[in-house]
1. Of the residues V145, V163, V198, V169, which is touching a Lys or Arg at 6+ places or on another chain (Cβ under 7 Å), under 23 Å from E5 (Cβ atoms) and among the aliphatic types (A, V, I, L, M)?
2. Would region 75-84 turn up any residue that is of a type outside the set (D, E, K, R), out of contact with any Asp or Glu (no Cβ under 9 Å at 6 or more places or on another chain) and assigned to a strand (DSSP E or B)?
3. What are the pairs with Cβ atoms under 8 angstrom where one residue, in region 219-237, is closer than 25 Å to M16 by Cβ and the other, located anywhere, is basic (K, R) and within 8 Å of the ligand (Cβ to nearest atom)? Sequence gap at least six, or different chains.
4. Taking only pairs six or more apart or across chains, which ones have beta-carbon atoms under 7 Å, a first residue in region 166-191 that is over 18 Å from V144 (Cβ atoms), and a second residue that is aliphatic (A, V, I, L, M) and surrounded by fewer than 18 Cβ atoms within 10 Å (Cβ to Cβ)?
5. For residues that are at pLDDT below 95 and of a type in the set (S, T, N, Q), scanning just region 138-186, find the one that is nearest to R220 (Cα to Cα).
6. I'd like the full set of residues that are hydrophobic (A, V, I, L, M, F, W, C), out of contact with any helix residue (DSSP H, G or I) (no Cβ under 8 Å at 6 or more places or on another chain) and buried (at least 17 other Cβ atoms within 10 Å of the Cβ), limited to region 184-241.
7. Scan region 162-171 for residues that are assigned to a loop (DSSP other than H, G, I, E, B) and near the ligand (Cβ under 9 Å from one of its atoms) and jot them down.
Amino acid sequence: MSVRERKFFVGGNWKMNGSYESIEAILKFLTEGNISHDTEVVVAPPSAYLAHVRQKLPNNISVAAQNCYKCNKGAFTGEISPSMVKDVGAEWVILGHSERRNVFGESNELIGEKVGAALEEGLKVIACIGEKLSERESGQTNSVVQEQLAAMAAHIKDWSRVVIAYEPVWAIGTGRTATPEQAQEVHAFLRKWLSDNVSLSISQQTRIIYGGSVNAANCRDLAAQGDVDGSLVGGASLKPDFVTIANACQ
Ligand code: PGA
């Protein structure tokens, strides 16, 4: 395969799964699994295990929080702040995940503010966007993802610390992956949006990864698309298949 323009990026979103016991098995395959140096790997454990996972993993694997709030401290019961994420040694945070949007009702506006606050604190951000099935079926995919991206872009000064994750909601946890062509089509649209609204060089440098039922069987075909720079993996990130997915760029 030709040399990639952008470093391949694979994130593992563990969601609300894990215990000290079950995490041991994940740490084992991550540590012993021979992950390619050509891939930037980031795993996102639940916040209760962030510090533990950070301490246990080698430095070539980064750690992300799955969410954080827009303020660094205060009366926000149940939330964690960007400075806390940094303090426990995580470098990244996932923001705008569809489960945050759809289960917890987070708006584009709030997510934009969180992206700004996380970047301000020095974190790197996996910025998630994606349309629902009804939106795809009514031809609104581009307008939905564009609106979501614009709300975040308004708060981004340093794009080198941002990875965009396109995750169609209908493909998350459903076993129904977008075809490589469907993913490529939206990724190309997003790259053009960056070129038109931010700059050409940022559109060329920013990684746009795909998420939604990525597994060991479909990861290579997705990775072969010109505008797909990696993946954000949910269910399969809890299994040794994650190493295969991380190596899909080879
Ligand atoms: P999935 O989740 O791989 O289980 O579909 C992806 C995600 O939500 O990031």
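1. V163
2. No - not one qualifying residue is present in region 75-84.
3. Pairs that qualify, where the first residue is closer than 25 Å to M16 by Cβ and the partner is basic (K, R) and within 8 Å of the ligand (Cβ to nearest atom), are G234/K15.
4. These pairs meet every condition: P180/A224.
5. Result: T177.
6. I209, A223, L232
7. Answer for region 162-171, where residues must be assigned to a loop (DSSP other than H, G, I, E, B) and near the ligand (Cβ under 9 Å from one of its atoms): just E167.
The values are calculated or read from the model by the stated rules, or taken from the named source; none is laboratory data. All of these numbers come straight from a predicted model, not from anything done at the bench. Here Cβ is always computed from backbone atoms with ideal geometry, including for glycine, and neighbour counts include all displayed protein chains.
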